[in-house]
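Trainee: Handing you this structure, nothing more for now.
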């Protein structure tokens with residue numbers, strides 16, 4: 001395993017809220033906006049901003065649908081997002097091993 | 001990033017990953033549909049056996065074929081619209097959905113084998129189905145961390161055991177219907193109501 005390189009930390013994921021979104025989706029694969037908001041204890045606007053940044057990076061994609069007459073947004077982890085999250089965790093592991 | 005804050009972040013990530021892994025079950029309506037169709041099949045069987053319905057024993061196979069076909073058609077119709085629901089897209093729901101479908105296919109195959117070969121009584125379907133349902137219910141309880149589902153699983157296994165002492169009685173059909181309604185239908189109703197509360 002190579003040494004820890006702080007430049008290799010993914011800035012898109014590194015923020016606590018975005019990291020939280022990635023962690024949640026890493027096991028859920030997909031989640032509705034309300035579940036994500038409640039799990040991360042974020043406001044609607046805050047979550048929207050973070051999801052938009054992750055979507056711009058290609059790490060998640062959003063799907064709009066209707067449950068009856070209620071609009072629903074589903075956030076889905078992409079393969080690129082899963083790879084980026086795994087790489088980020090590898091970097092964290094290296095940081096921990098460095099002591 | 002300091003060591004204490006890193007430790008906090010790791011705890012935070014673990015908690016979120018765990019909550020993402022479980023989510024909430026979205027398959028209650030499937031339980032309800034199968035509880036209804038199997039209960040209808042059992043009531044028709046009871047009516048035929050007690051001569052309330054003019055059906056020969058071999059005609060009951062057609063009744064059950066129709067009942068099972070109705071259950072599968074209803075399941076696939078519901079499944080075709082479920083794909084768009086956020087909860088259904090969760091890994092936990094996809095996993096349990098695949099498990100219950102596999103259990104259903106297995107039980108349908110056992111029923112078809114019993115019906116077509118005639119080597120053993122079709123009444124054996126109840127203990128077999130109850131045992132399989134108990135296993136699948138425990139798996140669902142583990143995946144979704146729902147404790148009361150363990151009680152339902154044990155109840156299924158008690159039904160499986162008890163069935164062997166009642167197989168040759170006509171009342172066994174009513175016992176089976178009651179078990180299906182209570183365990184399958186009751187579980188389905190509880191899950192559907194829980195899902196409605198969450199999405200309200």
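The values are calculated or read from the model by the stated rules, or taken from the named source; none is laboratory data. From a predicted model like this one, the values you see are computed outputs, not experimental measurements. Glycine also receives a Cβ, built like all others from the backbone with ideal geometry; neighbour counts cover every protein chain displayed.
Trainee: Go through the residues of segment B:44-53 one by one and say whether even a single one is buried (at least 19 other Cβ atoms within 10 Å of the Cβ), in a helix (DSSP H, G or I) and within 14 Å of chain A (Cβ to nearest Cβ).
Mentor: no
Trainee: Could I ask something else about it? Those residues that are closer than 22 Å to residue B:134 by Cβ and at the interface with another protein chain (Cβ under 9 Å from one of its Cβ atoms), I need them from segment B:70-93; list them, please.
Mentor: Across segment B:70-93, the qualifying residue is only B:92.
Trainee: Between A:45, A:58, which is outside any helix (DSSP H, G or I) and free of Cβ contacts under 8 Å to residues at least 24 places away in the same chain?
Mentor: Exactly one of A:45, A:58 is outside any helix (DSSP H, G or I) and free of Cβ contacts under 8 Å to residues at least 24 places away in the same chain, namely A:58.
Trainee: Please give the number of the condition residue B:24 fails out of (1) part of a helix (DSSP H, G or I); (2) within 14 Å of another protein chain (Cβ to nearest Cβ).
Mentor: (1) is the only condition that residue B:24 fails.
Trainee: Residue check: is residue A:19 touching a residue at least 40 places away in the same chain (Cβ under 8 Å), part of a helix (DSSP H, G or I), within 19 Å of residue B:24 (Cβ to Cβ) and within 8 Å of chain B (Cβ to nearest Cβ)?
Mentor: For residue A:19, the condition - touching a residue at least 40 places away in the same chain (Cβ under 8 Å), part of a helix (DSSP H, G or I), within 19 Å of residue B:24 (Cβ to Cβ) and within 8 Å of chain B (Cβ to nearest Cβ) - is not met.
Trainee: Is it the case that residue B:102 is within 14 Å of chain A (Cβ to nearest Cβ) and without any contact (Cβ under 8 Å) to a residue 24 or more places away in the chain?
Mentor: No; evaluated as a whole, the condition is false for this residue.
Trainee: Can you list the helices (runs of 4 or more DSSP H) found entirely within segment B:74-193 that contain at least 2 residues being buried (at least 19 other Cβ atoms within 10 Å of the Cβ) and modelled with pLDDT of 90 or more?
Mentor: B:91-117, B:125-144, B:148-163, B:171-179
Trainee: Just checking, does segment B:28-36 include any residue being in contact (Cβ under 8 Å) with a residue 12 or more places away in the chain and either within 14 Å of chain A (Cβ to nearest Cβ) or on the phi > 0 side of the Ramachandran plot (or both)?
Mentor: Yes, that holds for at least one residue.
Trainee: Output the residues belonging to segment A:49-99 that are farther than 14 Å from residue A:14 by Cβ, at the interface with another protein chain (Cβ under 9 Å from one of its Cβ atoms) and surrounded by 14 or more Cβ atoms within 10 Å (Cβ to Cβ).
Mentor: A:63, A:65, A:72, A:73, A:74, A:75, A:76
Trainee: Criterion first (over 26 Å from residue B:178 (Cβ atoms) and out of contact with any helix residue (DSSP H, G or I) (no Cβ under 7 Å at 6 or more places or on another chain)) does residue B:91 satisfy it?
Mentor: no
Trainee: Given the conditions (1) free of Cβ contacts under 8 Å to residues at least 24 places away in the same chain; (2) in a strand (DSSP E or B); (3) touching a helix residue (DSSP H, G or I) at 6+ places or on another chain (Cβ under 8 Å), report the number of the one that residue A:64 does not fulfil.
Mentor: (3)
Trainee: Okay, moving on. Which one of the conditions (1) touching a residue at least 12 places away in the same chain (Cβ under 8 Å); (2) more than 14 Å from chain A (Cβ to nearest Cβ); (3) under 19 Å from the mean Cα position of the chain (by Cα) does residue B:121 fail to meet, given that it meets all the rest?
Mentor: Of the numbered conditions (1) touching a residue at least 12 places away in the same chain (Cβ under 8 Å); (2) more than 14 Å from chain A (Cβ to nearest Cβ); (3) under 19 Å from the mean Cα position of the chain (by Cα), the odd one out for residue B:121 is (3).
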